[in-house]
Structure formats: structure tokens, C-alpha cells
Amino acid sequence: MRSSAMRDLMAVTARPEVISLAGGLPDTSTFPPQTFAAQMTRIAQESAAEALQYGPTEGFSETVDCIVEVMGAEGMLPDPDDVIVTTGGQQAIDLICKALVDPGDVVICEAPTYPGAIPVFCSYQAETIQIECDSEGMRIAELEDTLERLDLEGRRPKFIYSVPTFQNPAGVTMSLERRRRLVEIARARELLVVEDNPYGLLRFGGEPLPPLYQLDGGDFVIYVGTFSKILSPGIRLGWAVAPPPVMEKVVLGKQAADLCTSTLTQYFVREYFAEGRWREYIASLSELYRDRRDAMIEALGRYFPPQASWTEPDGGLFIWATLPPFIDTSDLLAKALRDDVAFVPGQAAYVDGRGRNSMRLNFSGSGEDELREGIRRIGRVVEEQVELYGALVGRQGKAHMPAGEAEDMGGTDSQSNPSLSISDSPEADSTVVPFRKAEGA
Ligand SMILES: Cc1ncc(COP(=O)(O)O)c(C=O)c1O
């Protein structure tokens, strides 16, 4: 078992004076309290006994109808019989691993990947292989090389886990071409893909792309969704959509884990969807988060040193920043916490210690002024480190490279999406992230 770096961090950042850019918190203060009160009152008056009772392991059919509606908004048409309601998307990931992974099995995911998935893969004793991401998401050419290498070793991954849209933590979105290729590979090799998509509807720029589930039709893509980011994480409602042979095992795993998902919060979702304003609420969240993303990007430009780079997501909750290779963001966090500001060190998103000079920054959970102040404080500790390093080696940290150079060194498979692979110093790792657009790279 491995500790979730983010859970540990959340305990530290609970202090009210800390500006936390660490969590993945949606801004639940935007949900109207009157709506919440009216819905809960209606449940109490009309369905108290049922809402307080156990429910079916698969979830209520009315909740599944809401899920089908949400997935429909992104162009998917799941069969309601393939859906199970889970205690958050997190439990869906856990149950999929429980159903499929034996100790020593290979699971493939992105580098960096969702930090909360790593403890799950570890607890089922999977061997996790991470495939680098650039600004177009997982590098499919590298995935193919890895699959071929595994073939030669006589090994077959149990599944490929991907967050293709507004990825946690990098904020990048897999291009349509790579989506198509990934689904083709899955179908040709009869390999399962787990698509985790909490953020697809939180888009505030660019054009929507079809989910992997839609491209595949649900034969080889298992889908994980959640109400956490589009409604509330407190209700702990998520879901998985899987073909019958997998679903059968997932249901058995769920029975053993917690019998059923909260009936009370399933009633809440049913009431909320009956009201018919869920799309409007998501639109209002997207608008709010767009302004916050812009505020964070503006602050990064102002307060981070020129050696830093970061992603500019078209949706979701996160920006991924990469610092000069001599900076270790786990050490930096200790210093930042003294200044009452927190972020997630990049290492939390890797199984093998990479990501040391990167950080995940959340822009949804704080107001614009707080975001600016948080970035200013982090920028100050980064600046101190850059100066210290400069004093020690007698020069400024040499981390900033033109895109061409970075491509040569990083071996990116996409000319149109240059990425930065910091590998010019012995202590560097190989975190690959997109260049800051403002630099015209
Ligand atoms: C990619 C991803 N998957 C799953 C989850 C888990 O969400 P929940 O269990 O609240 O649905 C999160 C939460 O941040 C996430 O970012």
C-alpha cells in the first residue's frame, strides 16, 4: 500500500491561513443553498423511508438515467445495463482493478498520471508503466513501442488507463488523431482501455472531442465518470460503464466493498436532474473556471522565473508547471508551506520518482485574488532557489531551451507540438510538458 500524497497534503492545507492550490476542489460555494434545501426537504417529505434504506448494488435505475443523460451531453450512448453507480469515480477505478488486476500484472497509464490512481494500482500490486504525455496527451508511438516490448517478453497489460480530456494533473487533452489511434490499437489487440473522464464537460475553450468510449462504442473502452466536478464531490457519486463480463466482476467487488452506493445522495441527484438546470450550472462553473485559469496564467507570467513553463488547459481544474531541473518541488513545498501556500509536487503523479521539478496547480478552488497571491508566494520561493543555485554554480540555472533543442532531446513524435524535455543536467529527470504558448515555441 502506498500513501496518497494528496490526502496527506490535504491535512496540512486544511489550516485556514493556507492558500491551497493543491486540492482538486470544485467551487461548491456556487451551488445555491436554497436549491439544496428544497431538494432535501422534498426527499424528506416524499421519500424518507426509501432514501434512508439500502439500495441495489448497481444503483437505482433513476440514477443511471441521469448518468446516461450526462454521457449523452458528450455524445455517448451507453446501455443502462452496462452502468454501475459507485462511491465516486475513485471507487470505480478501485473496483476495475479489483476485478482485473492480479499481483504483477502490467497496467499502463500516462506520465504524469492522476495521483489518486497510483495508490490504487499499487494496492493491487500492479506493475505500472507510464507513457510520456506532451501537449497532445499520451504519446501513442511510445505506447506502441512499449506494447511491442511487452509482447517480446510474453506479457500483456491488463488495461491502459487514460484521462484523455483536461488531464489531471497536466491539463492536456489527447488529440483526435491519438484518440483514434489508441482505440484502433485497443481493438486490434483486444486490449482494455479505462477512460477516466471527470472533466470533459468543464470546457471553456477549443472544440469538444469525442470520448474514447464513443469512438470505440464500449467494446474495449471501460468508462469512469463522476458527479464530483459537475455537481458535488461531497455526495460521493460516480460510475463505471463496462462490458458485461467485466461488469459482473465489478458488481461482485462492489458487494464486498460497500454493498451499495449512498441511497440518500442518489435521491438527491434524481431530484436535481428532475429540475432540469444541470447544464446551466455546468456552464456557470466553466465560465468561473475560465476566469480563474486566466488569472493563474497571468500571475504565472508575472511571478514565475523565465526558466519555468506551464500548460494552458482549455478546461478542467489544473495547470502543470515545470521548473528548472535543479529545483525539487517536494523540498520547495516545505518552504512554500512556511509561506502558507501549497501545491502538489510533480512526483505524486509518477510511480518512479520522476516529476521532481514539476508541480500541479489547481485554479478552481480559490478566488482570483487568492490565486494571484498564491502564485506570487510560490514564485518568491522559486526565485530564491534560482538565485541560490546561481550563487552556487556561478551562473543562472541553464534550463530554458528553444523548442527545437527540446524536441531533439525529448524525442517527441509530434513536430507541431513541441515539448520540453529537461535533460541537460545530470540531476534532471525527463518530465515532458508542452511549452508555454506565450513564448511562441
Ligand atoms: C482523473 C480523476 N479520476 C478520479 C477522481 C476521483 O473523483 P471522485 O471519486 O470524487 O469521483 C478524480 C478526482 O479528482 C480525478 O481527477
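The values are calculated or read from the model by the stated rules, or taken from the named source; none is laboratory data. All values reported here derive from a predicted model rather than from experimental measurement. Ideal geometry is used to build each Cβ from the backbone, glycine not excepted, and the neighbour counts take in all protein chains shown. Each accessible area value is taken on the protein alone, full model and side chains, heavy atoms only, with ligands, DNA and RNA left out. Shrake-Rupley method; radii C 1.70, N 1.55, O 1.52, S 1.80 Å.
What number of residues within region 334-361 are free of Cβ contacts under 8 Å to residues at least 60 places away in the same chain, farther than 19 Å from GLN130 by Cβ and out of contact with any Lys or Arg (no Cβ under 6 Å at 6 or more places or on another chain)?
Initially, region 334-361 is screened for residues free of Cβ contacts under 8 Å to residues at least 60 places away in the same chain, giving 334-336, 338-339, 359.
Remaining after also requiring farther than 19 Å from GLN130 by Cβ: 334-336, 338-339.
With out of contact with any Lys or Arg (no Cβ under 6 Å at 6 or more places or on another chain) added as a condition, the list becomes 334-336, 338.
Summing the residues that are free of Cβ contacts under 8 Å to residues at least 60 places away in the same chain, farther than 19 Å from GLN130 by Cβ and out of contact with any Lys or Arg (no Cβ under 6 Å at 6 or more places or on another chain) in region 334-361 gives 4.
Where in region 135-233 are there strands (runs of 3 or more DSSP E), lying wholly inside it, with at least 1 residues that are open to solvent by 10 Å² or more (accessible area, probe 1.4 Å)?
On the way: elements: 159-162, 192-196, 221-226.
The qualifying strands (runs of 3 or more DSSP E) are 192-196, 221-226.
Between residues in region 65-85 that are under 21 Å from ALA283 (Cα atoms) and residues that are assigned to a helix (DSSP H, G or I) and open to solvent by less than 50 Å² (accessible area, probe 1.4 Å), which pairs lie under 7 Å by C-beta distance while being six or more apart or on different chains?
Sorted first by the residue in region 65-85, then by its partner, the pairs are CYS66/VAL269; CYS66/PHE273; GLU69/PHE273; MET76/TYR213.
Determine which single condition LYS98 fails, assuming it passes every other condition in (1) more than 16 Å from the ligand (Cβ to nearest atom); (2) surrounded by fewer than 22 Cβ atoms within 10 Å (Cβ to Cβ).
Just one mismatch for LYS98, condition (1).
Going through GLN39, GLN91 one at a time, which residue ends up being open to solvent by 20 Å² or more (accessible area, probe 1.4 Å) and not hydroxyl-bearing (Ser, Thr, Tyr)? Break it down into steps so the answer makes sense when it comes.
Values: GLN39 fails: open to solvent by 20 Å² or more (accessible area, probe 1.4 Å).
The unique qualifying residue is GLN91.
Please count how many residues of region 333-361 are farther than 18 Å from ALA308 by Cβ, over 18 Å from the mean Cα position of the chain (by Cα) and assigned to a loop (DSSP other than H, G, I, E, B).
Qualifying residue count, region 333-361: 3.
Test each condition in (1) β-branched (Val, Ile, Thr); (2) surrounded by fewer than 20 Cβ atoms within 10 Å (Cβ to Cβ); (3) within 13 Å of the ligand (Cβ to nearest atom) for THR261 and report the one that comes out false.
With respect to (1) β-branched (Val, Ile, Thr); (2) surrounded by fewer than 20 Cβ atoms within 10 Å (Cβ to Cβ); (3) within 13 Å of the ligand (Cβ to nearest atom), THR261 is out only on (2).
Cβ-Cβ distance below 7 Å, separation of 6 or more or different chains: which pairs start in region 39-62 with a residue that is over 26 Å from LEU252 (Cα atoms) and end on one that is of a type in the set (Ser, Thr, Tyr) and part of a helix (DSSP H, G or I)?
Close Cβ pairs (under 7 Å, with a partner that is of a type in the set (Ser, Thr, Tyr) and part of a helix (DSSP H, G or I)) amount to GLN39/TYR272; ILE43/TYR267; SER47/TYR267.
For region 117-133, name all the residues that are of a type in the set (S, T, N, Q) and open to solvent by less than 20 Å² (accessible area, probe 1.4 Å).
In the first step, residues of region 117-133 are kept if they are of a type in the set (S, T, N, Q); the result is 123, 125, 128, 130.
Hit for region 117-133 is GLN130, nothing else.
Only helices (runs of 4 or more DSSP H) wholly contained in region 1-85 count here; list those with 3 or more residues that are within 24 Å of GLU275 (Cβ to Cβ) and either touching a Ser or Thr at 6+ places or on another chain (Cβ under 8 Å) or acidic (Asp, Glu) (or both). Spell out the reasoning first.
Numbers: elements: 5-12, 33-51, 61-72.
In region 1-85, 33-51, 61-72 are the helices (runs of 4 or more DSSP H) which contain 3 or more residues that are within 24 Å of GLU275 (Cβ to Cβ) and either touching a Ser or Thr at 6+ places or on another chain (Cβ under 8 Å) or acidic (Asp, Glu) (or both).
In the list TYR303, TYR289, TYR281, which residue meets the criterion of being under 16 Å from LEU361 (Cα atoms), more than 16 Å from the ligand (Cβ to nearest atom) and of a type outside the set (Lys, Arg)?
TYR303
Which residue, of GLU62, GLU46, GLU58, is more than 16 Å from the ligand (Cβ to nearest atom), of a type in the set (Asp, Glu), buried (at least 17 other Cβ atoms within 10 Å of the Cβ) and within 16 Å of THR263 (Cβ to Cβ)? Explain how you work it out, then say what you get.
Details: GLU62 fails: buried (at least 17 other Cβ atoms within 10 Å of the Cβ); GLU46 fails: buried (at least 17 other Cβ atoms within 10 Å of the Cβ).
The unique qualifying residue is GLU58.
Inspect region 308-317 for any residue being modelled with pLDDT of 95 or more and open to solvent by 10 Å² or more (accessible area, probe 1.4 Å) and give the result as yes or no.
In the first step, residues of region 308-317 are kept if they are modelled with pLDDT of 95 or more; the result is 308-317.
Checking which are open to solvent by 10 Å² or more (accessible area, probe 1.4 Å) leaves us with 312, 314.
Yes - at least one qualifying residue is present in region 308-317.
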